[in-house]
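Structure record follows, encoded as structure tokens.
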Amino acid sequence: MSKIFVVGGSGRVAAELLKNLTSAGHQITAGSRHPEKIIKLAGVTPVKLDLHGKIEDLTKQLHGNEIVYFVAGSRGHDLIQTDAMGAIKTMIAAEKAGIKRYVLLSSMFSLDVDHWDKIPGLEDYLAAKFFADTYLMHATKLDYTILQPTNLMEQAGTGKIALNNSSSMENPIPDVAKVLAEVINHPNTIGEVIKMTGGNTPIETALESV
């Protein structure tokens, strides 16, 4: 069992992630600007979290945890302060709090600048993710995993995925959440950027191959 802080705890992916993490017995603190919107589950403590706030305050909130997940997103309304700098602040805070493991939900193509046109209309979002991903990889000493799915779909999960290809442009949200929850059980995913799409490989098998 680990003590885990989930940043962006009221989002679509977070709701499924929290179900997975609590079912595995982890103790969760879920932070959100609107904590009342966080799914109510035994083992989850909702707290108010302001990504516009000071790093000092974020550090205090993260203190005592062992793992940080960043699954927050502004849906295009606040890309710089939430998707880019919000993520970066939590990385700095995690290191200040003595936390090593950090899992970041990003997006397919965020690091492939010349391919941003494959997701038209999301260039600014991908740019924000680019800066967050790059900072995590090159400006921290965190044991990171970056998950880069394609389009998130509100549909039933299949339990099967594909890695490092773009054969599908869709990912059921439950599958994305399951992968996020499982990477902390796979030390081989530390220091890895995982490109994920829908596919035919069971999640556990796919992660073992990273």
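Take every Cα pair under 8 Å in region 3-208 that's 6+ residues apart, average their separations, divide by the length, and report that relative contact order as a whole percent.
Values: 425 pairs, mean separation 38.1, N = 206.
Relative contact order of region 3-208: 19 percent.
For the chain, what does the helix formula give at 222 nm: sum of -39500 (n - 2.57) over DSSP H segments with n ≥ 4, over the residue count, nearest 500 deg cm²/dmol? Mind dumping the intermediate values first?
On the way: 6 runs with 65 residues, N = 210.
It comes out at -9500 deg cm²/dmol, rounded to the nearest 500.
Can you return the lysines within cross-link range of Lys178? Criterion is Cα-Cα under 20 Å, with same-chain partners fewer than 8 residues away left out.
Lys3, Lys19, Lys40, Lys160, Lys195
How big is the dipole moment of the chain about its Cα centre under a simple scheme where the beta carbon of each Lys and Arg is +1, that of each Asp and Glu is -1, and everything else is neutral? Debye, nearest 20, please.
Numbers: 20 positive and 23 negative charges, 139 e Å.
For this selection, approximately 660 debye.
Just tell me, in residue order, which DSSP H segments of the chain are both 30 angstrom or longer along the helix axis (alpha-carbon based) and at least 1.6 in mean Kyte-Doolittle hydropathy.
Working: long enough: none.
Qualifying helices, which must be both long enough and hydrophobic enough, do not occur.
On a full-extension model of 0.36 nm per residue, what is the gain between Asn165 and Thr134, subtracting their alpha-carbon distance, rounded to one decimal in nm? Spell out each step's value before the answer.
On the way: separation 31, 0.36 × 31 = 11.16 nm, distance 2.06 nm.
Here the segment from Asn165 to Thr134 would lengthen by 9.1 nm.
First check a/c for region 76-188, with a ≥ b ≥ c the square roots of the eigenvalues of its C-alpha gyration tensor; if it is under 1.5, answer rounded, and if not, answer prolate when a/b is larger than b/c or oblate otherwise.
Values: a/c = 1.85, a/b = 1.19, b/c = 1.56.
In terms of gyration-tensor shape, oblate.
The numbers here are math on the coordinates, done by the rules we state, and not lab data. Every value quoted in this text rests on a predicted model; they were computed, and no experiment measured them. With ideal geometry, Cβ positions are generated from the backbone for all residues, glycine too; neighbour counts draw on all protein chains shown.
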